[in-house]
Structure formats: C-alpha cells, structure tokens
Amino acid sequence: MRLWILRHGVAEPLLPDNLDFERTLTLAGKQELALVLKAAKRLGIDPNVLLTSPLRRAKETAEIALGVLPCPAAVETPTLIPNAAPERAWAEIAKYGVEARVLVVGHQPNLGKLIAYVLGCDLSLDLKKAGLVCLEATQPSGKSGPPKNGVLRWALTPKVIANLRK
C-alpha cells in the first residue's frame with residue numbers, strides 16, 4: 001500500500017468563543033498547501049482513496065488536494081480527528097487493501113502517531129502544518145492488526161520546498 005499523510009494547513013487561532021471543529025484555513029495556510037501539493041503532483045502522487053478528518057480545516061485541505069491532484073472525492077472519517085488512536089486510523093485505511101494508494105488528511109498528534117504505528121516504531125513525530133509524508137506498508141494477508149514492513153519514502157514541508165526554490 002502506498003500511503004500519503006498530509007497535515008492540514010495553518011488555521012485561524014482557537015478563540016474562546018469559537019469551536020475547534022469549525023476553525024478554517026488561513027490564506028497563508030492555503031498557499032502553503034498549494035505549494036506542497038503541486039510539488040507532490042510533480043512527484044507523481046496519484047491516490048485512489050482520499051480520507052479526511054471531519055474537522056473543517058482538514059476538509060478544506062482535502063478540497064485543495066482535490067483541485068491539484070488526480071484523486072477521488074474525500075471520505076470523512078472520525079478515525080482522523082486529533083486525538084484518535086492510530087490503530088483505529090490504520091484499521092480504516094487497511095479496509096482499502098494492499099494495492100490501495102491512500103491520501104490521508106488530518107491533525108497532530110494523530111498523524112505523528114499514525115506514522116510511527118505504520119513504521120512499527122516508538123517515535124514522537126511532529127508533522128508540520130501542510131507537511132506531507134509518503135509511506136509504504138503492507139497488511140498481513142487476511143488479517144487485521146498492525147501493518148508490517150512500513151517504510152518511509154519521503155517527507156515534504158512548505159519550508160523545504162521554499163528553500164529548494166531559492
């Protein structure tokens with residue numbers, strides 16, 4: 001399975017009178033996402049599944065991905081909310097099979113934990129906003145449970161891309 005994990009872009013700050021669920025992307029957040037996703041397109045990313053958190057900033061991120069990448073409509077899943085267990089997110093992803101090419105859009109700390117889970121290691125990972133990671137993993141044949149043979153292929157951040165363009 002090819003798995004791309006994308007953190008939402010920069011969102012408006014959480015204020016006492018608004019809900020975290022409804023925070024929207026800032027203009028700068030949208031611009032950084034476009035930069036990362038255009039680079040990803042040049043790298044040949046071609047998901048056949050797009051899963052997103054139901055939080056507004058993640059759904060907006062998924063919409064931007066749909067405008068840049070050749071991918072299907074987004075499927076919302078609560079397994080990608082900020083504090084969901086990585087095992088739940090992996091179980092959702094694994095439903096699509098070993099041949100799937102899945103783009104996941106979500107939040108920290110869930111995504112950092114999911115990356116460590118797929119890689120089968122005990123790491124503390126902080127995926128930056130608009131950061132994108134490419135992994136490969138396989139699901140044990142006919143079984144549920146953790147992935148095996150997780151491999152990190154590459155990682156992109158807006159800062160890395162901006163520095164490459166100088």
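The values are calculated or read from the model by the stated rules, or taken from the named source; none is laboratory data. It should be emphasised that the depicted structure is a prediction, and the values quoted were computed from it without experimental measurement. Cβ sites come from the backbone with ideal geometry, for glycine too, and all protein chains shown count toward neighbours. Just so you know, the surface numbers come from the protein's heavy atoms only, side chains and all, with ligands and any DNA or RNA stripped out. Shrake-Rupley method; radii C 1.70, N 1.55, O 1.52, S 1.80 Å.
Have a look at HIS8, HIS107 and point out the one that is under 14 Å from VAL133 (Cα atoms), touching a residue at least 12 places away in the same chain (Cβ under 8 Å) and touching an Asp or Glu at 6+ places or on another chain (Cβ under 9 Å). Before the answer, list the steps.
Numbers: HIS107 fails: touching an Asp or Glu at 6+ places or on another chain (Cβ under 9 Å).
Among HIS8, HIS107, only HIS8 is under 14 Å from VAL133 (Cα atoms), touching a residue at least 12 places away in the same chain (Cβ under 8 Å) and touching an Asp or Glu at 6+ places or on another chain (Cβ under 9 Å).
Taking the range 111-124 as the range and being open to solvent by less than 10 Å² (accessible area, probe 1.4 Å), under 12 Å from GLU87 (Cα atoms) and either touching a His at 6+ places or on another chain (Cβ under 6 Å) or free of Cβ contacts under 8 Å to residues at least 40 places away in the same chain (or both) as the test, only ALA116 passes. Does any residue in the range 36-65 that is closer than 22 Å to GLU76 by Cα come within less than 6 Å, Cβ to Cβ, of a residue that is part of a strand (DSSP E or B) and acidic (Asp, Glu) six or more places away or on a different chain, and which pairs are these? Listed by first residue and then by second, the contacts come to THR52/GLU76; PRO54/GLU76.
Might you check whether a residue that is more than 18 Å from GLU32 (Cβ to Cβ), open to solvent by less than 30 Å² (accessible area, probe 1.4 Å), under 13 Å from the mean Cα position of the chain (by Cα) and modelled with pLDDT of 95 or more occurs anywhere in the range 60-74? No, the conditions are met nowhere in the range 60-74. Looking across the range 75-88, the residues that are under 16 Å from VAL49 (Cβ atoms) and either open to solvent by 20 Å² or more (accessible area, probe 1.4 Å) or at pLDDT below 95 (or both) come down to VAL75, GLU76.
Scanning the range 91-110 for residues that are open to solvent by less than 30 Å² (accessible area, probe 1.4 Å) and farther than 16 Å from THR52 by Cβ gives ALA94, GLY97.
Summed over the range 125-163, residues that are open to solvent by less than 70 Å² (accessible area, probe 1.4 Å), free of Cβ contacts under 8 Å to residues at least 24 places away in the same chain and in a loop (DSSP other than H, G, I, E, B) total 3.
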